[in-house]
Amino acid sequence: MRKVWQTPGVDGSGSGQERRALVIEDDEDIRSLIEFTLETQGFDVTAVDSGLAGVDAVRTLDPDLITLDLGLPGIDGIETCRRIRETSDAYVVMITARDDEIDRLIGLETGADDFLSKPFSVRELKARVNALFRRPRRGPALTAATTQGEPDHEVLEHGPLRVDVDGRRAFRDGEELALTRTEFDLLTELMRTPARVWTREALLRSVWGTDWATDTHLVEVHVGNLRRKLGESREGPKFVRTVRGVGYRMESL
Ligand code: CA
């Protein structure tokens, strides 16, 4: 079977699957700090100081990770994130000036995968980024260390849904779905264990790799977006069932 990621060199890019990061931040000190931190984590980092420059850079760089400041001159972080999401499925960590803003931001469904508030420590940023890239999957974002030997080509099916885990592609009735990385990771977790009822906390731990359980709202928002992209509607089919007071599981089909 075709393996999308295991073909180094085919396009002339060599075997190094270097991860690219884009830092969008107008404060020079913080920008340098993030840049430096991500470089020590092995990212090839580009930094810009405005939302518009960020949107442009996403198109040319196709980064794997984006850190995005909320308070930017010109278009703010929310609008920047919306525009980025038109072309990119990169992990987006939105950085806010205030802790108490995060809940409101999650509710706005900006498309960010995670949030971090200032002031944050280098250690905190590293931990958050590591968690995103440690998500339980095989993919281009993981380093060779996890894919020693021949990996299986994992394909999950559930009714009309099909997920090619290694290729990171999801389909409904043969049509490819445009999922963000987080939506894809969520769907993969749910489809791997179709009978399991997942609590929001368990999904947060498993998909986000964090015990940051105060923000299970983040899970709800991303599950909501996923459902919409799967084509769920009031009358139509349901794929993800809400188990009242507990969490979610796949609908039995
Ligand atoms: Ca700022």
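The values are calculated or read from the model by the stated rules, or taken from the named source; none is laboratory data. Please read all numbers here as calculations on a predicted model, not as lab measurements. All Cβ positions, even for glycine, are placed from backbone atoms using ideal geometry, and neighbour counts span all protein chains on display. The protein model used for the area step is the full one, side chains on, heavy atoms only, and it has no ligands, DNA or RNA in it. Shrake-Rupley method; radii C 1.70, N 1.55, O 1.52, S 1.80 Å.
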Starting from segment 65-105, pick out the GluC sites (Glu not before Pro) whose DSSP state is loop and whose Cβ has at most 14 other Cβ atoms within 10 Å. Glu86
Shape call, segment 19-132: gyration tensor on alpha carbons, a/c limit 1.5: rounded
Please turn the phi angles of segment 38-51 into ³J(HN,Hα) values with the Karplus equation 6.51 cos²θ - 1.76 cosθ + 1.60 (θ = phi - 60°), one per residue in order, whole Hz, x for glycine and proline. 5, 5, 5, 8, x, 7, 8, 9, 10, 10, 9, 10, 8, x
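Compute the FRET efficiency between Ser252 and Glu18 as 1/(1 + (r/R0)^6), taking r as their Cβ-Cβ distance and R0 = 30 Å, and round to the nearest 0.05.
With a Förster radius of 30 Å, E is 0.10.
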Quick check on packing: order 218-224, 243-249, 24-30 by the mean number of other C-beta atoms within 10 Å, highest mean leading. 218-224, 24-30, 243-249
Could you give the length gained by full extension between Thr60 and Asp76, i.e. 0.36 nm per residue of separation minus their alpha carbon distance, to one decimal place? 3.7 nm
What does the accessible area of Thr87 come to, in Å² to the nearest 10, when a probe of 1.4 Å is used? 80
Go through segment 166-201 and name the trypsin sites (Lys or Arg not before Pro) that are in a DSSP coil and have 14 or fewer other Cβ atoms within 10 Å of their Cβ. Arg196
So what are the ³J(HN,Hα) numbers for segment 246-253, from phi and the Karplus equation (6.51, -1.76, 1.60; θ = phi - 60°), rounded to whole Hz, Gly and Pro as x? 10, x, 9, 8, 5, 5, 6, 10
Gain on full stretching of the segment that runs from Arg228 to Lys126 - 0.36 nm per residue minus C-alpha separation: 33.5 nm
Write out the trypsin sites (Lys or Arg not before Pro) in segment 60-123 meeting two conditions: DSSP loop, and at most 13 other Cβ atoms within 10 Å of their Cβ. Arg98
